2 protein chains.
Amino acid sequence: MTAPQTQGISILLVDDHPVVRQGYRRVLEHQDDFHVVAEADNAADAYRAFKAHAPAVVVMDILMPGASGLEAVRNIRSRSSSTRILVFSMHCEAAQVKAAFNAGANGYVTKGSAPAELIRAIRAIIRGEQAISDDIARVLALESLSPSGSALDQLGEREIEILRQLAAGATTEQIAANLNLSIKTVQNYHYLIKTKTGMRTDAQLVRLAVECGLASL
Amino acid sequence: MTAPQTQGISILLVDDHPVVRQGYRRVLEHQDDFHVVAEADNAADAYRAFKAHAPAVVVMDILMPGASGLEAVRNIRSRSSSTRILVFSMHCEAAQVKAAFNAGANGYVTKGSAPAELIRAIRAIIRGEQAISDDIARVLALESLSPSGSALDQLGEREIEILRQLAAGATTEQIAANLNLSIKTVQNYHYLIKTKTGMRTDAQLVRLAVECGLASL
DNA sequence: CTGCAACTCGGGAAATTTTCCCAACAAACC
DNA sequence: GGTTTGTTGGGAAAATTTCCCGAGTTGCAG
């Protein structure tokens, strides 16, 4: 199980800036079990390279011209659930990070992170863990402590009300009836709430609502 | 702060049975600082009377024809967070009691309780405490000690484990991977758990799991 | 020992929901 | 006046839920 693979870990490196790619390639290949098998400088090429090389790990900048890097992450994730995806970005915003994980990323580090942190993150996601760099951790931690509803202040009143009722156990139909909305609208809100908050299941939504004091048990 | 209010404590009394109301009115007005300012015999009238009289305390039976008494509790609670609501019922079941507190009740006594217990409960909730009668306390205490979570002993081990992971926020895929089952099997269990427990949404499942000590928040 | 009941595991197929796109409208804001 | 933001819903493909079924395994009572 834990024996190192003889061929090492194949990596696809994606960044629109060649110099940056060079830098990362050097850092990555300094690990002798890491092997950068391909590079790409845009989302479309990244997806093509992914299909061609089936790398174990994709390391990509999500800030690229053209199609969003997040879109590439989604594409790759929908094609393979086993590929590990590490996103790096200059952004250190909670929403951005959540969006990346929601799109299917396994890790997120900022470009300001030390090389050792990048390596550590890659080894973590290979083990199946989720990885974030220290500065991201700090931002997310502080955000979760903020006095406002943290994940809730990104939601509108309607969204909050619907989340509250969802967490209370109401069905889509009941909510639609309670608020005098069409089922379709409630479904759309339900989906929107999930994407905005980064929650993937209704159970996670309930936990969020309870944490934010929206619902009780 | 602790000085008795000169006008005493205003009470709204709700029960669908006139004779029962008479009995309670007598017991309540035997306390000279208690004053029953209104009565109602159904949920809708209760809510109207509440808006009209703004009583300090609402004493209501939740077992009434028509709209659920719980619904009335919720309505009153959403209108005023300071009003104290004491629920009384013939039922002495843990689930019923929890539902009442969840709806916003401050206290719960059974109809079998002695008058002194009712008075004690009202004085307790006026002080901002939560109050339950002795028999309720015994039921809740025993339930919390019982090895099986009541609604859970109708579930098999596999079902319980899957419910636990669902409540923890795991996706179907993650559960299937964790337990080495097919997604199809997890879906079937998920459905089976819902039908066996009578829960209609995943949010309700989470609540159930938490109540039964299967999950925490 | 035999049969029955319960638990575990999954396939099939129809029904429903989720997902993600889009557009319209109002209010707020620059 | 143009832009963003919140609210409301349609459409259509993808995914999940729902419910039915069978099959292997235990355990237990007859």
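The values are calculated or read from the model by the stated rules, or taken from the named source; none is laboratory data. What you see is a predicted model; the values in this text were computed from it and never measured. Heads up, the Cβs are rebuilt from the backbone with ideal geometry, glycines too, and the neighbour counts pull from every protein chain shown. Side chains included, ligands, DNA and RNA excluded: accessible areas come from the protein's heavy atoms. Shrake-Rupley method; radii C 1.70, N 1.55, O 1.52, S 1.80 Å.
Tally the residues that are of a type in the set (A, V, I, L, M), open to solvent by 10 Å² or more (accessible area, probe 1.4 Å) and closer than 20 Å to B:LEU63 by Cβ, restricting the search to segment B:7-35.
Step one: list which residues in segment B:7-35 are of a type in the set (A, V, I, L, M), which gives B:9, B:11-14, B:19-20, B:27-28.
In the following step, the residues that additionally are open to solvent by 10 Å² or more (accessible area, probe 1.4 Å) were identified as B:9, B:19-20, B:27.
The next check asks that each one be closer than 20 Å to B:LEU63 by Cβ; those that pass are B:19-20, B:27.
The qualifying residues number 3.
For segment A:36-54, enumerate the residues that are under 17 Å from A:VAL19 (Cβ atoms), of a type outside the set (Asp, Glu) and open to solvent by 50 Å² or more (accessible area, probe 1.4 Å).
Step one: list which residues in segment A:36-54 are under 17 Å from A:VAL19 (Cβ atoms), which gives A:36, A:39-42.
Among the residues that remain, those that are also of a type outside the set (Asp, Glu) are: A:36, A:40, A:42.
Of everything in segment A:36-54, nothing turns out to be under 17 Å from A:VAL19 (Cβ atoms), of a type outside the set (Asp, Glu) and open to solvent by 50 Å² or more (accessible area, probe 1.4 Å).
Residues of segment A:194-210 being touching a residue at least 12 places away in the same chain (Cβ under 8 Å) and either within 12 Å of chain B (Cβ to nearest Cβ) or more than 10 Å from DNA strand D (Cβ to nearest atom) (or both), which ones?
Filtering segment A:194-210 for residues touching a residue at least 12 places away in the same chain (Cβ under 8 Å) gives A:195-198, A:200, A:202, A:205-206, A:208-210.
Those that are touching a residue at least 12 places away in the same chain (Cβ under 8 Å) and either within 12 Å of chain B (Cβ to nearest Cβ) or more than 10 Å from DNA strand D (Cβ to nearest atom) (or both): A:THR195, A:THR197, A:GLY198, A:ARG200, A:ASP202, A:LEU205, A:VAL206, A:LEU208, A:ALA209, A:VAL210.
Report whether or not B:LEU181 is under 15 Å from B:GLU157 (Cα atoms), more than 12 Å from chain A (Cβ to nearest Cβ) and out of contact with any Phe, Trp or Tyr (no Cβ under 9 Å at 6 or more places or on another chain).
Against the criterion (under 15 Å from B:GLU157 (Cα atoms), more than 12 Å from chain A (Cβ to nearest Cβ) and out of contact with any Phe, Trp or Tyr (no Cβ under 9 Å at 6 or more places or on another chain)), B:LEU181 does not qualify.
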Exercise. Please indicate, with yes or no, whether at least one residue in segment A:169-177 is open to solvent by 20 Å² or more (accessible area, probe 1.4 Å) and away from chain B (no Cβ under 11 Å).
Key: yes
Self-check item: Scope segment A:109-135; condition out of contact with any strand residue (DSSP E or B) (no Cβ under 9 Å at 6 or more places or on another chain) and closer than 15 Å to A:VAL57 by Cβ; matching residues
Solution: A:ARG127
Quiz item: Under 6 Å by Cβ, and 6 or more places apart or on different chains, what pairs join a residue from segment B:79-103 that is without any contact (Cβ under 8 Å) to a residue 60 or more places away in the chain and within 18 Å of A:ALA168 (Cα to Cα) with one that is of a type in the set (Phe, Trp, Tyr) and open to solvent by less than 10 Å² (accessible area, probe 1.4 Å)?
Solution: B:VAL97/B:TYR108; B:ALA100/B:TYR108
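Could you tell me whether any residue of segment A:68-89 is open to solvent by 60 Å² or more (accessible area, probe 1.4 Å), more than 14 Å from chain B (Cβ to nearest Cβ) and hydrophobic (A, V, I, L, M, F, W, C)?
no
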Practice problem: Give the number of residues within segment A:74-88 that are modelled with pLDDT of 85 or more and touching a helix residue (DSSP H, G or I) at 6+ places or on another chain (Cβ under 7 Å). | Solution: 6
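Please go through segment B:22-51 and give me each residue that is in a helix (DSSP H, G or I) and among the acidic types (Asp, Glu), ordered by number. Walk me through how you get there before you give the answer.
Our first condition is that a residue be in a helix (DSSP H, G or I); within segment B:22-51, this holds for B:22-29, B:43-51.
Result: B:GLU29, B:ASP45.
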